[in-house]
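Everything below concerns the one structure shown next.
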Amino acid sequence: MEKDGNDMTRSDLTVSAEEMERQKEFTAEIRQMPGRPESFYVVTYGCQMNAHDSEKLSGMLQEMGMTEAEDREQADFVIFNTCCVRENAERRALGNVTWLKEIRKRNPGLVIAVCGCMIQEPGMAEKMLKQYKFINLAFGTSNLWKFPELLYRTLNTDRNTVVVENEDVIPEGLPISRARKEAAYITVMYGCNNYCSYCIVPYVRGRERSREPASILREAEELLRSDVQEIMLLGQNVNSYGKDLGGGMSFAGLLRELDAMGIPRIRFMTSHPKDLSDKLIETMGSCGHILPQFHLPVQSGSDRMLKEMNRHYTRSQYLDRVRKLRAAVPGIGLSTDIIVGFPGETEADFADTMALVEEVRYDSAFTFIYSPRVGTRAAEMDGQIDPEVSKERIQKLIALQEGLQQETMARFVGMEEEALIEGFSRRSTLEVSGKGRHGISITLRGGAEDIGRIVRCRITGLKNNTLTAERI
Ligand code: SF4
């Protein structure tokens, strides 16, 4: 009999050392394989979780002896790490996969793989391989840790491999090729139990499962030794970290341990307002290495819509969380996600969202038009909104947010900040840019020697959504 998420034990969840060892053997086999691809290119769609999964794919491919190509046209192996959260991302991925068919004509040995959330959608992998026969390998998010075995099969025997098993597991010890030296992702938990009515994630990423604190702390220690300046803790709902650990550790507790380690900057993503505890807010206020920024998706300002969305909080509960965060961490940088055009959204509901945005005054907001996802409850709801109405609403919302953002960002002018420099600015090679402690982009004069460093600066002004600064 299959066990449901609640019956699973920790040892059921963790991929065994023997299994991980077997994957290493496949890696070694591929390394020795005559005529195997020499170079690879990973194309990533979607969120930070996907970006981090791509770092794991790159790590595994490098261990197989492949080198990263400059672009996809130069590579012998191309893998698309897809996202299915919005229809747009799905369409873009499919469009680009089709384009590879042309490249295959010039490079007949090209091996093409597709993985990620989109493949995990029921029936999608089979449909894709039928429609796009030139794809050699397709596998789901939860099978990522088996990538060496799957690629071995594809290269060795079977040029059309599809594996989509729903395995709610925690793989430890995968090689990671990190995109940045100074800032690193750490996954603290996988999956989501919330079933917001518009969201496909719980269906494709499985039940919530937290990594053991000891594994997370070990990873953080290694990063600290390698001189990392910032870590971002990842999970679909980090605020519920530890609920499946039997009371051993909460997210606030984990943050305290990481803070005590002395990592210069700690951030995390994403939070669910219903799970944002007073303890976590208190921890934000008392731990100096946790950055004063918070991404708190609201989705709608209307109680009626929040209920339909299955969000489990009301507008006033959300606003209470915001007030507490601001009291505990004065000047905190706040960002959010908002959906417009959810089924049944009336003008009055939309007006509630506009009023909430006006009241909270976010430093940034990611705004989306509702996009129905097959298999979710909202896709079956009555009252789907005319796309023209949704477009009009989102334009109004964006205009409001942009106006407010200029005002809220003005509070930083004259303030001292610290920017972790990511690279040269897009405008000039005499300028570098990075993220301030509050999560806002900062540009200042500088050079290559600043990249990867934290630079102290004073904010002098703002241009569009970026702060300008001079170093102190
Ligand atoms: S919390 Fe809701 S929106 Fe976020 S991943 Fe889970 S179901 Fe999706």
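Only the coordinates and a few stated rules stand behind these numbers; no lab work does. Since we're looking at a predicted model, the values are computed, not measured. So basically every Cβ, Gly included, is an ideal-geometry build from the backbone, and we count neighbours across all protein chains shown.
Quick check: net charge around residue 182, other residues with Cβ under 12 Å of its Cβ, Lys/Arg +1 and Asp/Glu -1? Each step should come with its number before you reach the end.
Working: positive: 178, 180, 181, 265, 435, 453; negative: 227, 230, 422, 450.
Local net charge: +2.
Loop only per DSSP, at most 14 neighbouring Cβ atoms within 10 Å: give me the GluC sites (Glu not before Pro) in the stretch 64-100, ordered by residue number. Don't jump to the answer; show the numbers that get you there.
Details: sites: 68, 70, 73, 87, 90; in loops: 70.
Loop-located and lightly packed - 70.
Are any of the pairs 146/243; 396/463; 279/435; 181/274; 307/396 more than 30 Å apart by Cα-Cα distance, and if so, which?
Long pairs (Cα-Cα over 30 Å): 181/274.
Working from Cα positions, state the angle (0 to 90°, nearest 10) between the long axis of helix 315-328 and the longest principal axis of the chain.
Relative to the chain, helix 315-328 is tipped by roughly 80 degrees.
Once you place label points 7 Å from the Cα toward the Cβ at residue 181 and residue 106, how far apart are they in nm?
Calculated label separation equals 3.3 nm.
Using only Cα atoms and rounding to the nearest 10 degrees, what angle (0 to 90) does helix 213-225 make with the longest principal axis of the chain?
For 213-225 against the chain, the angle is about 90 degrees.
Which whole-number percentage describes the relative contact order of the chain, with Cα contacts under 8 Å and a sequence gap of 6 or more? Working shown, then result.
Details: 889 pairs, mean separation 46.0, N = 472.
Computed over the chain, the figure is 10 percent.
Local charge sum around residue 18 (other residues, Cβ-Cβ under 14 Å, Lys/Arg +1, Asp/Glu -1)? Mind dumping the intermediate values first?
Working: positive: 22, 24, 146; negative: 19, 21, 25, 149, 172.
Around residue 18, the charge tally is -2.
Quick check on the chain: of the DSSP beta bridges with both residues there, what percent are antiparallel, nearest 5%?
Bridges in the chain are about 35 percent antiparallel.
Considering only the other residues whose Cβ falls under 15 Å of the Cβ of residue 104, what net charge follows from Lys and Arg at +1 and Asp and Glu at -1?
So the environment of residue 104 carries a net charge of +3.
Could you tell me which trypsin sites (Lys or Arg not before Pro) in the stretch 17-113 are loop residues by DSSP with no more than 10 other beta carbons within 10 angstrom of their beta carbon?
Of the trypsin sites (Lys or Arg not before Pro), not one in the loops of the stretch 17-113 has a Cβ with at most 10 other Cβ atoms within 10 Å.
When the helix-only estimate is applied to the chain (DSSP H runs of n ≥ 4, each -39,500 (n - 2.57), divided by the residue count), what is the mean residue ellipticity at 222 nm, nearest 500 deg cm²/dmol? Don't jump to the answer; show the numbers that get you there.
Numbers: 15 runs with 173 residues, N = 472.
Helices in the chain give a 222 nm mean residue ellipticity of -11500 deg cm²/dmol.
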